[in-house]
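See structure below.
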Amino acid sequence: MAAVEEKSMVPTVLVGVGGTGAEILSRIRRLVEETYGSLEAFPILSFLVVDTDKDYKISNPEAGGSKFKDHEKHWASVSGKQVSDMVSNMEQYPWIDRWFPRELERNITSLEAGAGQIRACGRFALFCNYHDIRDKFLGAVNRVKGRENFMLDRYGIKVSTNAINVFVTGSLSGGTGSGMLIDIGYCVRKWLEAEGSPLVTAIVPMPQAFAGIKVGDRVLANGYAAMMELSYFSDYRTEYNSQFSKNLADEVRSNRAPFDFTYLVGTKNGESDFKLDQIREMIAQNIFLDLTSDFSPHKRSIRDNIKSAWAQADPGGRGYPKNFMSFGLSTIEIPIFQIRNSLCYRLAKDIVNWWLNEQVQLPADSMEFIKNDILKKMRLTDVELLADMGAAQDKSYIEEVSQWVNQLRQTINQENYLQCTATGINIFGKEQGKIRDLDQFIKEKVNSYKQDHFRELSPDERLHGDYFQRIYDNRDRTISQGRKALEDELYRIIEDRNLGPKFAHTFITMVRQIFDDTRQRFSQQKEQLWEPKETERQKEYEKALEEFNQIKSQYGITKKDRITLCCDSILENLQGSLIATIQRKTRAASLVVIDRLKEELDNLERRLNRFQQRLIQTRDEFAKEADHQAESADVLTINGIKLYDRDKMNELYQDLIEKLGSNVQGSKSRFEMGLDQICSTLSEDILKEASPLWKKNRLADEYMRLFDVPKIPDVQQEDLEEIIYNYSKETVVDKTPKNSHLYTEMAACDRLFKLYNDETEITDNIRIAYHKSKPLIMMNRAILSGKDAGFAPSTNVNVGILGGRNTADPAAQKLLPLLQQFPDIKESAIKPLGDSERHRIVFVQETGGFSLRCIDGMKELRQSYQDWKGDSIEAKRAQLRGEPRDLPIPVHIQKEPPFWDVFPEDPTIFQLVIQARALNVLYLSENKATRENTIRYTRKTNIGLENVDIASSWEEASQILEVRACREDREEIQRQITKKLDQAETPQQKRQLYQTLMAYLEHRSLELEKQGGKDSPEYKREAEIIKRLIDDYQLYVTETVSHIPETTTEKPPQPPQPPAPKKWYLYKENQQTGPFSADELLTQGVTPQTYIWCAGMEGWTTVSEVAELEHLF
């Protein structure tokens, strides 16, 4: 068993390739956010999603976490123009040309909309975006470094400083994931060469997971081709070699497998069938277990323990790597995250409902309260309005007018303007007193006064007298102050727990009514009282002046008394007229104020309506989501046993609120007091947090208030809701009291014993969960038990409970002996889960050390691949016949794929290929049309010889000939082999055929030199076929001396035949040719370094080392 370091973690980078990769990584984000609160709270994990489809959307957003940020994703786009330029000038891109399938030239136009289920297109996008993806990946690596102190301080977790884990996930069946997966694995290895101990793990769904989804008809053939490639590159005898640019520094070369661990996740485990969405969730859960502090070291040890199971290859056929794994995972689980989310949304709903304050009782006499208290303080009653309109600094303009008239009266008296001489005994004398100038004096003073202060002829207020200007200023200031006062009062009312938005509506309604009443009264006073009075007093003033003018030149005994009375009348009417003007102007100004403030009331009412509508909508959304989360917990499908009772939700919530507000005293219920305390505290925090949404540029101490909510743009409403939710979540999740039911009753071990009092029932449920954790891969027992296999994959079982086998939790202690009743659950298999995982018991079974042929269903998957092969062969041959037929889209990631099948070749067909190859019936040549290497044979037709292409490599030839479409080819090849063998009738012909076969074996020993030459399994398999062929046709003929009988004959015996000339075989350009005579060698372009062989030689040698051929040079 591998050693386990407790409470340790390794920095981890998650790479999701294609849509499936994005789906799985999104779910992992959700799990991290549910467990740790946020991604920022778990900084040793980073994400990178690579996709060719920019518009891909997560299929089930509720199952995912927060959206990926720009630095966490890369859109591997290639524009149509770029594709066109590269394909038409492929000689400029030899590193791509070496693998790019030519049949794609007409299918690849643009990768801006995705790879379209074409694996080579996905690979093309990777090559075009190599440097950007590398930089994004290295950025992800850097983000998880240097977080050791944070993790130690916050969680008490030791983080490795000399290791890094990388998980790569994606689909084997699509275009992007399947086309990039293997290259990404090798690239990640290269990019991490500077790191201490990188570990790269791939977890991918089996192709069958996509069989029922409408994603194209190539998914199964794509998947099988990808699995062939995975098996091929996992073989120690192969080498990966790719170059991603013209720069040799971007060459990646490796003889290792693309991944240290490769998990394949199927759709069945013998207990259940799983849909694609369940498989994605299962993969996410499995990866997440590597990220839980207590369980992760043990989870990593499972892989290390299984690794020894693939030390020896699968001995079947050519031998196959066994470094493939699978896993199963089940839980006995309380759906804590859905429960918490429901309670979080419920608290968020109650916070918004608390803001709405709909249950408040309104004041008994609201009208009196508003009029005599609120409006009076705001100076918006009728009395205050008139006073403020007519205010002239420290006094009113009515006082100002009265004072001026009094001053005018004093001046008249002081200057003796009432002096008259034509009075008393002076009957006949002309008037010589100052009285003659009084009327002119008054007119001049009045005109000047009015011109300065009461000027009103122009419609432009700016040209009016200064008294009016001041009234207008008073008006405008009152409007401004009144607007602010009304708004401030509405803010205050909404925030007042005894008033609230409900009273705010009453306030607006009643203030509008008061304003309407005041307006009507002012309008009547202006039109019916002060305007007539102003006109009347002006006329009286003018009449008094006219009367004075008549009296001043007359004689009368009582003239002075009459003059005095007349002067008093003039001044009295003047004052009355001016005051009436002031009264008219102040009321006119007040009417404007009222109109503007009514407009403000309308605006405030609209804001209040928007405020309430937005809050009601937000509240209802939170309520809906709370119900949805409760329903989600209800309908949640858990692979295992779910412990959940929805009826407990109300009890959990009420208890939580009461416990959070336990120190509050008052007359309300404990729940109401607790909610008041929570909402009051959170409201202040929420509004501060949301302030930037309301106003970006603010003073340092300027924060948003409740009535500012409608000012938040609609596009940012979700941000406000997120802030409300986050504070609710912090309260419910992070501040849950240890004595609350949400804490004490949400432990899986406790809950299991509360629900099932009978230990037999508990054991039965454990049994169900345990069996459901079987690995999600079905093994083909017939293959595993066959004579060419004879091995069994290794399986490891782990069970995670709170505290593990040394738990201090009483319920977990009580559960331990029940777990150990199962033979595979040893004491050492019981591993610890931390307090954050107390809501579940986890069963994990992992299996590994099997080759791909051992997986049940692979033969059916192979048939889809062979069907594609058959279509491809028929299309190629149709083209050779001149028929206009397109080739099917390739399923491999390169042309001339060297990949061998995951199954041993059909023994009969493999024998056919070896015999045909050895006898030169099948041979390596070049197709002049495609300029590609091909394995072909030649047959006679009624118009001559015809070359028939079979495969691009010898490895592929056996696979191709298994295809139904190649039945005639098999028969023709077999006919030609049989013909050659049957034609070897004489010893010399048999000897020549024998030499040909031996030359082939020598040639193969050279080709297999790196694999062990004649000691390699491949050579031995082929040598056995050749040996049987030689034996069956008795091709091995020894040299013999003829026995001469003692009897004499009339004729002497025939003279001995001269030895047959030697026949030579050549090995040039990876191809064996011959036999040739010595004279024919020069026509074959031999050089002193050409390899040559003939019967009797131990092995291949160069021409320069054969003495009898020296004459050639």
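The values are calculated or read from the model by the stated rules, or taken from the named source; none is laboratory data. The model shown is predicted, which means the values in this text are computed figures rather than measured ones. Note that each Cβ is placed from the backbone with ideal geometry, even for glycine, and that neighbours are counted across all protein chains shown.
General observations
- Residue in the range 327-345 that is at negative phi, part of a loop (DSSP other than H, G, I, E, B), crowded, with 18+ Cβ neighbours inside 10 Å and not assigned by TED's automatic domain parsing to the domain that holds residue 471 present: yes
- Here the range 286-307 is the region considered, the condition is being β-branched (Val, Ile, Thr) and part of a helix (DSSP H, G or I), and the residue that is modelled with the lowest pLDDT is 302.
- Test: residue 630 is in the same structural domain as residue 383 (by TED's automatic domain parsing) and in contact with a helix residue (DSSP H, G or I) (Cβ under 9 Å, 6 or more places away or on another chain): no
- Members of the range 641-683 found to be modelled with pLDDT of 90 or more, aromatic (Phe, Trp, Tyr) and within 33 Å of the chain's Cα centre (by Cα), listed by number: 653
- Residue in the range 632-639 that is crowded, with 17+ Cβ neighbours inside 10 Å, small (Gly, Ala, Ser) and more than 30 Å from residue 538 (Cβ to Cβ) present: yes
- When residues of the range 1076-1103 are limited to those that are among the small types (Gly, Ala, Ser) and surrounded by 15 or more Cβ atoms within 10 Å (Cβ to Cβ), the one nearest to residue 1008 (Cα to Cα): 1095
- Residue within the range 253-264 that is within 28 Å of residue 772 (Cα to Cα) and assigned to a loop (DSSP other than H, G, I, E, B) present: yes
- Within the range 385-407, tally of residues that are of a type in the set (D, E, K, R) and in contact with a helix residue (DSSP H, G or I) (Cβ under 7 Å, 6 or more places away or on another chain): 1
- Hey, residue 475 more than 30 Å from residue 437 (Cα to Cα), crowded, with 18+ Cβ neighbours inside 10 Å and out of contact with any strand residue (DSSP E or B) (no Cβ under 6 Å at 6 or more places or on another chain) or not: yes
- Condition met for residue 861 (part of a helix (DSSP H, G or I) and touching a strand residue (DSSP E or B) at 6+ places or on another chain (Cβ under 8 Å)): no
- When the range 924-973 is filtered for residues that are assigned to a strand (DSSP E or B) and among the aromatic types (Phe, Trp, Tyr), only 937 remains.
- Tally of residues being in contact (Cβ under 8 Å) with a residue 40 or more places away in the chain and either under 16 Å from residue 131 (Cβ atoms) or in a loop (DSSP other than H, G, I, E, B) (or both) across the range 63-85: 8
- The C-beta contact set for the range 816-843 (first residue more than 30 Å from residue 742 (Cα to Cα) and touching a residue at least 12 places away in the same chain (Cβ under 8 Å), second residue among the hydrophobic types (A, V, I, L, M, F, W, C) and surrounded by fewer than 19 Cβ atoms within 10 Å (Cβ to Cβ), distance under 8 angstrom, 6+ apart or interchain) comprises 828/1.
- Scan of the range 361-417 for residues that are over 30 Å from residue 448 (Cα atoms), modelled with pLDDT of 90 or more and of a type in the set (A, V, I, L, M), ordered by number: 367, 370, 374, 375, 378, 380, 383
- Tally of residues being hydroxyl-bearing (Ser, Thr, Tyr) and over 26 Å from residue 274 (Cβ atoms) across the range 749-782: 2
- Candidate set from the range 459-502 (those that are among the small types (Gly, Ala, Ser) and in a helix (DSSP H, G or I)); member that is farthest from residue 616 (Cα to Cα): 480
- Among the numbered conditions (1) surrounded by 16 or more Cβ atoms within 10 Å (Cβ to Cβ); (2) within 34 Å of the chain's Cα centre (by Cα); (3) within 30 Å of residue 238 (Cα to Cα); (4) charged (D, E, K, R), the only one that residue 304 does not meet is (1).
- Scan of the range 791-801 for residues that are in contact with a Pro (Cβ under 9 Å, 6 or more places away or on another chain) and within 19 Å of residue 822 (Cα to Cα), ordered by number: 795, 800, 801
- Residue within the range 805-828 that is in a loop (DSSP other than H, G, I, E, B), at pLDDT below 90, touching a helix residue (DSSP H, G or I) at 6+ places or on another chain (Cβ under 7 Å) and outside the structural domain of residue 205 (by TED's automatic domain parsing) present: no
- Test result for residue 215, over 23 Å from residue 854 (Cβ atoms) and modelled with pLDDT under 90: yes
- Residue 990 being over 18 Å from residue 911 (Cβ atoms), surrounded by 12 or more Cβ atoms within 10 Å (Cβ to Cβ) and at pLDDT 90 or above: no
Residue-by-condition table, conditions (1) surrounded by 19 or more Cβ atoms within 10 Å (Cβ to Cβ); (2) more than 30 Å from residue 224 (Cα to Cα); (3) out of contact with any Ser or Thr (no Cβ under 8 Å at 6 or more places or on another chain):
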{"residue": "914", "(1), (2), (3)": "yes, no, yes"}
{"residue": "943", "(1), (2), (3)": "no, yes, yes"}
{"residue": "957", "(1), (2), (3)": "yes, no, yes"}
{"residue": "975", "(1), (2), (3)": "no, yes, yes"}
{"residue": "980", "(1), (2), (3)": "no, yes, yes"}
{"residue": "984", "(1), (2), (3)": "yes, yes, yes"}
{"residue": "1004", "(1), (2), (3)": "yes, no, yes"}
{"residue": "1007", "(1), (2), (3)": "no, no, yes"}
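- Only residues that are crowded, with 21+ Cβ neighbours inside 10 Å, of a type in the set (A, V, I, L, M) and out of contact with any Ser or Thr (no Cβ under 9 Å at 6 or more places or on another chain) were counted in the range 123-156, giving 1.
- Sole residue being modelled with pLDDT of 85 or more and assigned to a loop (DSSP other than H, G, I, E, B), chosen from 1035, 981: 1035
- Residue list for the range 482-528, filter: without any contact (Cβ under 8 Å) to a residue 40 or more places away in the chain, within 52 Å of the chain's Cα centre (by Cα) and surrounded by fewer than 21 Cβ atoms within 10 Å (Cβ to Cβ): 484, 488, 492, 496, 509
- Residue match in the range 731-740 (condition: of a type in the set (Lys, Arg) and either buried (at least 18 other Cβ atoms within 10 Å of the Cβ) or assigned by TED's automatic domain parsing to the domain that holds residue 267 (or both)): no
- Residue within the range 905-918 that is in contact with a strand residue (DSSP E or B) (Cβ under 8 Å, 6 or more places away or on another chain) and part of a loop (DSSP other than H, G, I, E, B) present: no
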